[in-house]
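Participant: Pasting in a structure now, in structure tokens, and then I'll have a few things to ask.
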Amino acid sequence: MSEGDGALAGMLVVDCSRMLPGAVLARSLIDLGARLIKVEDPRGDMMRHAPPLVGGIGVGFCVYYRGAESLRLDLRAPQGLARLRRLLRRADVFVESFRPGTLDSWGLDLDKLHTEYPRLISCSLPGYADDDRRVAHDLNLTGLTGLLGQLPGSRLRHGSGEDIPRVLVADINTGLLATSSVLAALVGRATTGRGAKLHQPLLSGSLPLLTWPWADRAAGGDGVLETVLAGRVPCYRCYRCGDGKLLSVGCLEPKFWQGLCQAIGRPELAAAGLDLGERGRAAADALAELFATQSRSQWLAAFADKDLPIAAVHDLDDARSEPIIASAGLLEHTPMPGGGVLTVPGPALPSIGRTPARSAPRLGEHDDAILRELDAEPSTNDPS
């Protein structure tokens, strides 16, 4: 798919957000063909400065904002705010992540803005409620909702520093949820002609992952999430192979567990796959002992034609070279500042997304061009 194509081709997104949740939303909309102007203060988004740097730009900023345009505006200054308002006159979507009340204090009231430009869709990304000014980061949000305690590291060495996940679950999921909200609002606008004022709190990011666990606990607990799917049965757990590498066994269904038992020559274990008691523990011990006799590659080769849900457990380096991921069309070659590409997951919507040909912008790279455009082009979203 070439530049200018996509479901959102012709749409203008003005992104005043900072850090990861807004970046995930921005990338999703860019993938779908939207033109995205990243409004930054004179110092630039903090993601620009987060190491490692590629071409002088933080790699996180490079992969999320490839294809974007950068416009420097000091929104605390009257001129910067006036230019933002002129930009919003023609925007389809406005994204912001300031603390609630900040835009009001600068003289940009979202309610009034929507009265002036009724087709505009705004999406705010507060930490908590839309009137709650408390600050929060991903760690606070995953801990507050109970998600952090569900991750294995927190059970192993709680409070040691090793219980901190290396992925920002709440931030990323908030950006994805916000994408759905914005797309739904665009569909609604096509029918009604009116925009929407959206709020997607960062606190919401963890919660969809916890709907079933919360329901389980509310109903008394000790359900399948805490038993069968928690590694307490031999058919659904990870086993260490003879070379120290891990293999995931997800043979939940009887046909798969029986197939595994046949493949390893232990048919007598076929009735123990879902056993939570001593028989199940004995079966798990037997599999652990057997898997330790050969390397992971040998086991994968042995299971290759058995049609079983068994796979390698990779670290990041191995995952990056896993051919299954590449063959599924789930990787993109992101253009980088200064030339070259970086292979990363994406687009998130592979059937309709695309990777822009342009790399992430230098800070203020498009200042002059955008300001000339504001002076020269008529407004396309002005009710007058």
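The values are calculated or read from the model by the stated rules, or taken from the named source; none is laboratory data. Everything numeric here is computed off the predicted structure, so don't read it as measured data. A quick note on method: Cβ atoms are made from the backbone with ideal geometry, for glycine too, and the neighbour counts reach across all protein chains shown.
Participant: Which numbered condition trips up LEU300, out of (1) touching a Lys or Arg at 6+ places or on another chain (Cβ under 9 Å); (2) touching a residue at least 40 places away in the same chain (Cβ under 8 Å); (3) not in a loop (DSSP other than H, G, I, E, B)?
Facilitator: Every listed condition holds for LEU300 apart from (1).
Participant: Can you tell me how many residues in the stretch 313-336 are in contact with a Leu (Cβ under 8 Å, 6 or more places away or on another chain) and surrounded by 14 or more Cβ atoms within 10 Å (Cβ to Cβ)? Steps first, answer last, please.
Facilitator: The initial filter retains those residues of the stretch 313-336 that are in contact with a Leu (Cβ under 8 Å, 6 or more places away or on another chain), namely 313, 325, 333-334, 336.
Okay, now just the ones that are also surrounded by 14 or more Cβ atoms within 10 Å (Cβ to Cβ), so 313, 325, 334, 336.
Of the residues in the stretch 313-336, 4 are in contact with a Leu (Cβ under 8 Å, 6 or more places away or on another chain) and surrounded by 14 or more Cβ atoms within 10 Å (Cβ to Cβ).
Participant: Moving on to the next point. If you check GLY55, GLY33, GLY44, GLY101, which single one turns out to be touching a Pro at 6+ places or on another chain (Cβ under 8 Å), at positive phi and in the same structural domain as LYS197 (by TED's automatic domain parsing)?
Facilitator: Values: GLY33 fails: touching a Pro at 6+ places or on another chain (Cβ under 8 Å); GLY44 fails: touching a Pro at 6+ places or on another chain (Cβ under 8 Å); GLY101 fails: touching a Pro at 6+ places or on another chain (Cβ under 8 Å).
Testing whether each residue is touching a Pro at 6+ places or on another chain (Cβ under 8 Å), at positive phi and in the same structural domain as LYS197 (by TED's automatic domain parsing) leaves just GLY55.
Participant: While we're here: Out of GLY44, GLY6, report the one residue that is among the small types (Gly, Ala, Ser), at pLDDT 95 or above and not in a helix (DSSP H, G or I). Full working, then the answer.
Facilitator: On the way: GLY6 fails: at pLDDT 95 or above.
Going through GLY44, GLY6 in turn, the sole match is GLY44.
Participant: With SER28, SER70 as the choices, which residue is among the hydroxyl-bearing types (Ser, Thr, Tyr), touching an Asp or Glu at 6+ places or on another chain (Cβ under 8 Å) and either in a helix (DSSP H, G or I) or closer than 27 Å to GLU332 by Cα (or both)? Show your work before the answer.
Facilitator: Working: SER28 fails: touching an Asp or Glu at 6+ places or on another chain (Cβ under 8 Å).
Of the residues listed, the single one that is among the hydroxyl-bearing types (Ser, Thr, Tyr), touching an Asp or Glu at 6+ places or on another chain (Cβ under 8 Å) and either in a helix (DSSP H, G or I) or closer than 27 Å to GLU332 by Cα (or both) is SER70.
Participant: Now, a different point. Looking only at the stretch 249-288, how many residues end up being among the acidic types (Asp, Glu) and either over 22 Å from LEU225 (Cα atoms) or assigned to a helix (DSSP H, G or I) (or both)?
Facilitator: Filtering the stretch 249-288 down to residues among the acidic types (Asp, Glu) leaves 253, 268, 275, 278, 285.
Those left that are additionally either over 22 Å from LEU225 (Cα atoms) or assigned to a helix (DSSP H, G or I) (or both): 268, 278, 285.
Here the count works out to 3.
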